[in-house]
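The values are calculated or read from the model by the stated rules, or taken from the named source; none is laboratory data. All values reported here derive from a predicted model rather than from experimental measurement. In this analysis, Cβ positions are derived from the backbone assuming ideal geometry, glycine residues included, and neighbour counts consider all displayed protein chains. For the accessible areas, the whole protein counts, side chains as well, though only heavy atoms, and no ligand, DNA or RNA atoms are used. Shrake-Rupley method; radii C 1.70, N 1.55, O 1.52, S 1.80 Å.
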Amino acid sequence: MKDESNSYIKLFRSFLSWEWYEDLNTKAVFIHLLLIASWKENKWRGIDLKPGDLIRTNENIAKELNMSPRNVRTAISRLITTGEVTVKKEGKYRVITLKNWGRFQRSDSEVTTKQS
């Protein structure tokens with residue numbers, strides 16, 4: 001994995017009222033997905049990844065978070081149910097997509113603001 005320590009994600013204060021905020025496992029998995037998702041278009045082993053996409057198994061995520069695969073599977077199921085993520089198979093890999101990545105993570109230069 002490339003060192004991306006000089007990059008960041010946005011986490012809005014409205015996250016405090018998110019329906020899974022008090023569920024520690026789901027919150028941990030979601031924040032981890034935000035941190036590891038692609039932030040620009042790229043290609044990995046022939047799979048086109050857009051911003052907000054990542055390739056991981058539940059076992060990978062469990063190891064990265066020191067969590068059981070069952071807890072990760074439950075958290076991802078919850079995120080799928082409420083529309084935060086989708087999961088699709090690409091050959092033998094699994095692509096997880098953060099559905100609203102662009103709306104929340106676009107760069108400040110892409111956001112137009114109206115001066116008053």
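Summary of computed values
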{"quantity": "Condition broken by residue 68, with the remaining ones in (1) surrounded by 14 or more Cβ atoms within 10 Å (Cβ to Cβ); (2) at pLDDT 95 or above satisfied", "calculated": "(1)"}
{"quantity": "Test: residue 80 is open to solvent by 70 Å² or more (accessible area, probe 1.4 Å), among the β-branched types (Val, Ile, Thr) and in a helix (DSSP H, G or I)", "calculated": "yes"}
{"quantity": "Identity of the residue in the range 83-105, basic (Lys, Arg) and open to solvent by 70 Å² or more (accessible area, probe 1.4 Å), that ends up farthest from residue 39 (Cα to Cα)", "calculated": "92"}
{"quantity": "Any hit, the range 13-24, residues being open to solvent by less than 50 Å² (accessible area, probe 1.4 Å) and either part of a helix (DSSP H, G or I) or more than 24 Å from residue 102 (Cβ to Cβ) (or both)", "calculated": "yes"}
{"quantity": "Given (1) assigned to a helix (DSSP H, G or I); (2) over 20 Å from residue 21 (Cβ atoms), number of the condition residue 88 does not satisfy", "calculated": "(1)"}
{"quantity": "Qualifying positions in the range 25-49 - within 12 Å of the chain's Cα centre (by Cα) and open to solvent by 60 Å² or more (accessible area, probe 1.4 Å)", "calculated": "35, 39"}
{"quantity": "Where a residue in the range 57-83 is closer than 14 Å to residue 97 by Cα and its partner, wherever it lies, is open to solvent by less than 70 Å² (accessible area, probe 1.4 Å) and outside any helix (DSSP H, G or I), with Cβ under 6 Å and at least six apart", "calculated": "79/85"}
